[in-house]
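Working notes, structure below.
Every number in this text was worked out from the coordinates using simple rules, so none of it is lab data. From a predicted model like this one, the values you see are computed outputs, not experimental measurements. Note that we place each Cβ from the backbone using ideal geometry, even for glycine, and neighbour counts take in every protein chain shown.
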């Protein structure tokens, strides 16, 4: 069973999707997806909404909601590495590639970061270019900047 609900945030309305194992998707307002809600009565969605609300309120720095991401082994290794980037800090695609033992895979790492189905919760917004420049983001650079600034990271 797939459960969907929405959460109004300072970034707009996020669409959250979960199953009985964990949160499986967070979509920004500009990302198309299914609009029907199969059920809002799901403890994982409720936990995700509480944690995201606390995050946007400046009261939560690390998420604990169970996750159920679907991807290749490579993607999953990249997404797991993203969960280790501390709140308010940034790292590069090359650093993530090195962290997963694939130092020559910065470009495929960037592709996996871009395919992250759980932005914010799995903090892909904390990944920037090796030259410290902001790079693409599924929600748009304005949302990436807003998230980094929320975490106290100055963005030029």
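If contacts are Cα pairs under 8 angstrom and at least 6 residues apart, what is the relative contact order of the chain in percent?
That works out to 21 percent.
Report the full-extension gain for the segment residue 72 to residue 21: residue separation times 0.36 nm, less the Cα-Cα distance, to one decimal in nm.
16.6 nm
Count the DSSP beta bridges whose two residues both fall in the chain, then state the antiparallel fraction as a percent rounded to the nearest 5.
Around 80 percent of the beta bridges assigned by DSSP in the chain are antiparallel ones.
Measuring from label point to label point, each 7 Å out along Cα→Cβ, what is the residue 53 to residue 130 span in nm?
So the label points at residue 53 and residue 130 sit 4.4 nm apart.
P(r) tail for the chain, what percent of Cα pairs lie past 18 Å? Display every interim value, and only then the final one.
Values: 6849 of 12090 pairs.
For the chain, the share of Cα pairs beyond 18 Å comes to 57 percent.
Which FRET efficiency value, to the nearest 0.05, do you get for residue 2 and residue 142 by plugging their Cβ-Cβ distance into 1/(1 + (r/R0)^6) with R0 = 30 Å?
Given R0 = 30 Å and the Cβ-Cβ separation, E is 0.55.
If Rh is defined by the Kirkwood formula over all Cα pairs and Rg also comes from Cα, what ratio Rg/Rh do you get for the stretch 110-156?
Details: Rg = 9.9 Å, Rh = 10.8 Å.
Here the Rg-to-Rh quotient is 0.92.
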